[in-house]
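Step one of this worksheet: look at the structure below.
The values are calculated or read from the model by the stated rules, or taken from the named source; none is laboratory data. If you're wondering where the values come from, they're calculated on a predicted model, not measured in any experiment. Reconstructed Cβ throughout: ideal geometry from the backbone, glycine too, with neighbour counts over all protein chains shown. Side chains are part of the model used for accessible areas, which takes the heavy atoms of the whole protein and leaves out ligands, DNA and RNA. Shrake-Rupley method; radii C 1.70, N 1.55, O 1.52, S 1.80 Å.
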Amino acid sequence: MTDFQEQQPQQQPYYPPQPPYPPTRPITTEPGTTIWPSGGHVPPPVEPPVAATAAAAAAPGSRRRAKRGVGLLAAVAIAAAAVGGGTATLVQQLTADSPVTASSVVNGTNVSASSVGTVAGVAQAVSPSIVEISATSNSGQSTGSGVIITSDGEIVTNNHVISGASSISVQLSDGKKYAAEVVGTDPDKDLALIKLRGASGLKAATLGDSSGVKVGEEVVAIGSPEGLTGTVTSGIVSALDRDVTVAKDDDGGSRDQEQGQRYDPRQGWPFEFGGQQFNGDTGTSKTTYKAIQTDASLNPGNSGGALINMKGEIIGINSAMYSPSSSSGSSAGSVGLGFAIPIDAVKADLDSLRAGGDN
């Protein structure tokens, strides 16, 4: 009997099964920049972009397309890490559900952010606060303008617009009409306060600060020249602190009233400046105030309307304008010499006007 050692079968080495497709190789475009095609073995990013993940989860019905898009975005985000965060921001913006919008109104103003600094923006914001005033007296009817300062219908205008009136009618920018009564007047400042009867929910103007007004600053004027309600003009502040003299009350027109006439804001309120008279005789009873001069076109009927800065704030109440007479004796148009009572003077006088003033 021969001894022999039983031979053990040899173990075959293990080979993994061949994959159904060849492995995908990375594509190198430039030194230091590698992009992995979608569908291959994409290394997972350390911190997946939140917006890309949310966008993929939001569309389960198109899983294959979503997976491909997320892969591309993730790859772009990875490549962007070498050059900064700009692309990552772009990815977040592209996958965001809604765009970021700015505030629609500029804080502290009446003008929308998209229209701030434009005449159109100022006109749209402030026109609803400017009214046309028709004052009727024994000698006829005159037309001027006014500025709404409270939602229940307080309106600031010039004293010469409503002086001597037996009845006052006010038309808003939307055409609605109200009767009004005089609350108080201050002939020394050529200011008056009237109140609409039964009004509520009106848009009040924003009163600004005339102490900060500068020569050359752009302004807008809104009023009712010749009865054309809501007329808008624009220009600049030409000068400050002009000493303008106007008739204090109806005394300046008493001589004309004997002939059945009355001073009419539509025909240019007479005033004096620099020792000269404009638009007629101011009479014997006069008052002088410091005015803002503007080249914004003011015409008869603008009296009592608003001079406005480009933020939509009232900086003055238009009160006088030079209107050269034509050969027919009627009043001609504006030549760029208009004056407004600074709004700081108006604000300082409001309590007195509400208490009746000199009325």
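Contact map, region 280-295: first residue in a loop (DSSP other than H, G, I, E, B), second residue open to solvent by 10 Å² or more (accessible area, probe 1.4 Å) and among the hydrophobic types (A, V, I, L, M, F, W, C), Cβ cut-off under 7 Å, separation 6 or more or different chains; pairs are 295/236.
Taking every residue in region 238-249 that is in a loop (DSSP other than H, G, I, E, B) and pairing it with any residue that is surrounded by 22 or more Cβ atoms within 10 Å (Cβ to Cβ), at least 6 positions away or on another chain, the pairs with Cβ-Cβ distances below 6 Å are 248/187; 249/163; 249/187. Does residue 332 satisfy being surrounded by 22 or more Cβ atoms within 10 Å (Cβ to Cβ) and either within 17 Å of residue 192 (Cα to Cα) or at pLDDT below 95 (or both)? Judged against the criteria, residue 332 is not a match. Of the residues making up region 335-351, those that are over 20 Å from residue 209 (Cβ atoms) and either modelled with pLDDT of 85 or more or open to solvent by 30 Å² or more (accessible area, probe 1.4 Å) (or both) number 3. One residue alone among 201, 216 is in contact with a Ser or Thr (Cβ under 8 Å, 6 or more places away or on another chain) and at positive phi, and that residue is 201. Suppose the filter is at pLDDT below 95 and more than 19 Å from residue 119 (Cα to Cα); does residue 198 pass it? In short, yes. The strands (runs of 3 or more DSSP E) found wholly in region 123-192 and carrying at least 2 residues that are open to solvent by 20 Å² or more (accessible area, probe 1.4 Å) and over 14 Å from residue 301 (Cβ atoms) occupy 167-171, 177-186.
Against the test of being crowded, with 24+ Cβ neighbours inside 10 Å and either assigned to a strand (DSSP E or B) or in contact (Cβ under 8 Å) with a residue 12 or more places away in the chain (or both), the options 219, 215 yield a single qualifying residue, 219. Yes or no: residue 234 among the polar types (S, T, N, Q), within 18 Å of residue 345 (Cβ to Cβ) and open to solvent by 40 Å² or more (accessible area, probe 1.4 Å)? Spelling it out, it is not the case that residue 234 is among the polar types (S, T, N, Q), within 18 Å of residue 345 (Cβ to Cβ) and open to solvent by 40 Å² or more (accessible area, probe 1.4 Å).
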